Amino acid sequence: VKLAGAQIRVRQSGVTHKTGQVWSIHVVGLSGNLDGKTFPHVEEFLNNLMDQGNYRFVLNCKGMEYLSSAGVGVLISVARRAREVQGDIVLADVPKKVQSILNLLGLGSYRTSYAAEKEALAAFAQS
């Protein structure tokens, strides 16, 4: 999905949870900006996935250039909704600039973040 200022890519990945169940994880790649202009589209996209029964996400931030407080609000609301049904959203490949914004907003340690997408997927298997 291409938006003015951002692009969203999604693919499914299966991981075997420690209980033996195979969990479907949606890897969502976001590039560009997650800001006041793009956040409604990203929020709608993720909520549509959740409306279809998908509650486990890895948000690969590798191509993300900017994150505003509105974008952070989307991450928090999606995580809250996912966690209500034993799901979650975790971040992977967060650029230093975006991590600095999370830290500045006091959310550097609030969100679960992994250096690489592979690590984030593995964490779901152990959760």
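No value in this document is a laboratory result; all are computed from the given coordinates. Values in this document were obtained by computation on a predicted structure and should not be read as measured data. Methodologically, a virtual Cβ is constructed for each residue, glycine included, from the backbone with ideal geometry; neighbour enumeration extends over all protein chains shown.
Check the straight Cα-Cα distances from Lys62 and name the aspartates and glutamates below 12 Å, setting aside those fewer than 8 residues away within the same chain. Straight-line reach from Lys62, under 12 Å: Asp93, Glu117.
Taking GluC sites (Glu not before Pro) across region 50-127, the ones in a DSSP loop with at most 12 further Cβ atoms lying within 10 angstrom of their Cβ are Glu84.
Based on every Cα atom in region 40-127, Rg and the maximum pairwise Cα distance Dmax equal 12.4, 34 Å.
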